[in-house]
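To keep things clear, I will list the structure first and then write my remarks on it.
The values are calculated or read from the model by the stated rules, or taken from the named source; none is laboratory data. Here the structure is a predicted model, which means the values were calculated and not measured. Note that we place each Cβ from the backbone using ideal geometry, even for glycine, and neighbour counts take in every protein chain shown.
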Amino acid sequence: MDYSWDFGPVIARFDMLAIGFLNTIKIAIVSILLGVVVGLVLVLMRLSPRKWLSWPAAIFIEFYRNTPPIVHFFWFFYALPVLLSVSLDPYVAAVLALSTQSGAFYAEVFRGGIVSIERGQWEGARALGMTHAALMRRIIVPQAISRMVPPFIERSFELLKTTALASTLAYADLLYQAMMVNAETFRPLEVYTTIALMYLVLLVTASQLARLAEARLTAYQ
Amino acid sequence: MQKPILEIKGLHKRFGDHHVLRGIDFSVAAGERIAIIGGSGSGKSTFLRCMNFMETLSEGEIWLDGKRIGTERNGQVTYPERQLCAVRERVGMVFQQFNLFPHMTVLQNVMEGLVTVKGMAREQAREIALQELDKVGLSEKVDAWPGRLSGGQQQRVAIARALSMKPEILLFDEPTSSLDPELVGEVLRVINHLAEEGRTMLLVTHELGFAYHFATKVIFLADGVFHEVGTPDEVLKNPRQARTQEFLRRFGEFAF
């Protein structure tokens, strides 16, 4: 193989990749935050003793667990506008897809954390005379959070990688920008190697931060 | 006879098809110390747990200070959370598995009910918690995490936590059953000390020797009913019922 590597044209357009890199981070953070909100709403519904609340949440979650992520992107971008008769910006459609997906998974993460708390903890708190709200706030949730942290982080990493699907909606994320650079330079090897490394740096940095957060949140164990 | 603090009328408890408690009438007066004994599966823990509504009643009534717990509407009895919380504040419980909160220090465990349930200021709660911990001999462990303590120490923290709420009745659900034998004594000593203070207590236990010295009344529960009730001498030394005699024989020799 006598391919001569040349990163020159890629480096010359590095500003395009930098924009994509920042957009990837932006869409990931926004989707994680919205996903947490969706997840909290879903888990409250899911754990409710009222069937008319728990069932829709269960169906929603199952729907997302059993359909490919890219279908959600297409649905929000191409299908939802038909229903609403307004077209959605790629960014908005991608955020909707990512945050509902991650919300469905976060709901399961939250639920797993809460139901994993031993019955004795609920009883110990109840026996002191705590209301349900107080025992959740003071006893169950603080302990559940430390157990939720590892699966929550894992799920957020999945989301971070899934953001690349936003490129299919022509959102200017890192992958989409790479496609643009490639179209201008015809240097796929250099371009896609570069962005693979950029994703790697992003995820490794994020995992270091996550490890710090995890250590703080699980300190008592 | 003193007016009862807590009264139970016609208590039944079913878990699905399993009829655990089959019609129990019972009352506790101030200063009484009642030991509840019986084989495993006899319903003794369930009975105790009905008293602070850790279990819901299938049938029956619970009266506290002459007032019935629960709200009756159209023949249906509901138990509003506020009422149950009020009962649990007055009827404390100590569990077999301690059930300390692992994310709080020993001191925080004991302060928790005072701050969260009674709405007490932290400094005041801290003072009370320190006193209660001193009483159970754990002044040196106030800043420890429960997970670092021995079972006996954890159970003493749990007792201090229950005491901090100043309950009128204390329920002990097999408080020494999950302890290593050499740790049983330190917990029983604390319970004994509470007996000397004249507290009203109910104890589900397998420690028959302890029950004999501790109790003013012993109840032998079998098949979901009170099979025999009397003084410790009556029930533990001279049982009249064949079933009680057989139960005690199976326990073999125990020192009174």
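Here B:SER40 does not fit the description of being of a type in the set (Ser, Thr, Tyr) and in a strand (DSSP E or B). Could you look through the range A:115-169, keep only residues that are acidic (Asp, Glu) and surrounded by fewer than 18 Cβ atoms within 10 Å (Cβ to Cβ), and pick out the one that is nearest to the other protein chains (Cβ to nearest Cβ)? Of everything passing the filter in the range A:115-169, A:GLU118 is nearest to the other protein chains (Cβ to nearest Cβ).
Criterion first (in contact (Cβ under 8 Å) with a residue 40 or more places away in the chain, assigned to a loop (DSSP other than H, G, I, E, B), small (Gly, Ala, Ser) and crowded, with 19+ Cβ neighbours inside 10 Å) does A:ALA172 satisfy it? Yes; evaluated as a whole, the condition is true for this residue. Hey, can you tell me all the residues within the range B:88-119 that are more than 8 Å from every other protein chain (Cβ to nearest Cβ), crowded, with 20+ Cβ neighbours inside 10 Å and either under 21 Å from B:GLU168 (Cβ atoms) or at pLDDT below 95 (or both)? Selection gives B:VAL91, B:VAL94, B:VAL110, B:MET111, B:LEU114. Those helices (runs of 4 or more DSSP H) of the range A:1-119 in which at least 1 residues are of a type in the set (A, V, I, L, M), over 28 Å from A:THR193 (Cα atoms) and without any contact (Cβ under 8 Å) to a residue 24 or more places away in the chain, considering only elements entirely within it, cover A:14-46, A:51-65, A:80-84, A:90-115.
Residues in the range A:1-34 that are buried (at least 17 other Cβ atoms within 10 Å of the Cβ) and of a type in the set (Gly, Ala, Ser) were compared, and the one that is farthest from A:PHE157 (Cα to Cα) is A:GLY20. Here B:LEU183 fulfils each of the conditions (1) within 23 Å of A:GLU118 (Cβ to Cβ); (2) in contact with a Leu (Cβ under 8 Å, 6 or more places away or on another chain); (3) in a helix (DSSP H, G or I); (4) more than 10 Å from every other protein chain (Cβ to nearest Cβ) apart from (2).
Residues that are within 20 Å of B:ALA158 (Cα to Cα), without any contact (Cβ under 8 Å) to a residue 60 or more places away in the chain, touching an Asp or Glu at 6+ places or on another chain (Cβ under 9 Å) and not hydroxyl-bearing (Ser, Thr, Tyr) within the range B:56-107 comprise B:ASN99, B:PHE101, B:MET104, B:VAL106, B:LEU107, listed in sequence order. When A:LEU88, A:LEU84 are checked against the criterion of being surrounded by fewer than 17 Cβ atoms within 10 Å (Cβ to Cβ) and either more than 30 Å from B:LEU48 (Cα to Cα) or in contact with a His (Cβ under 7 Å, 6 or more places away or on another chain) (or both), a single residue qualifies: A:LEU84. Just one of the listed residues (A:ARG211, A:ARG155, A:ARG147) is assigned to a helix (DSSP H, G or I), farther than 27 Å from A:PHE74 by Cα and in contact (Cβ under 8 Å) with a residue 24 or more places away in the chain, namely A:ARG147. Mind checking which residues of the range B:49-96 are at positive phi and either in a loop (DSSP other than H, G, I, E, B) or among the polar types (S, T, N, Q) (or both)? Selection gives B:PHE53, B:ASP65, B:GLY66, B:GLY70, B:ASN74, B:GLY75.
Applying the criterion of being of a type in the set (Val, Ile, Thr) and touching a Ser or Thr at 6+ places or on another chain (Cβ under 9 Å) to the residues of the range A:146-200, the residue that is nearest to A:ILE19 (Cα to Cα) is A:VAL181. Scanning the range A:109-126 for residues that are under 25 Å from the mean Cα position of the chain (by Cα) and of a type in the set (Phe, Trp, Tyr) turns up just one, A:PHE110. For the range B:128-159, which residues satisfy the criterion of being of a type outside the set (S, T, N, Q) and within 12 Å of another protein chain (Cβ to nearest Cβ)? Within the range B:128-159, B:ALA144, B:TRP145, B:PRO146, B:GLY147, B:ARG148, B:VAL157, B:ALA158 meet the criteria.
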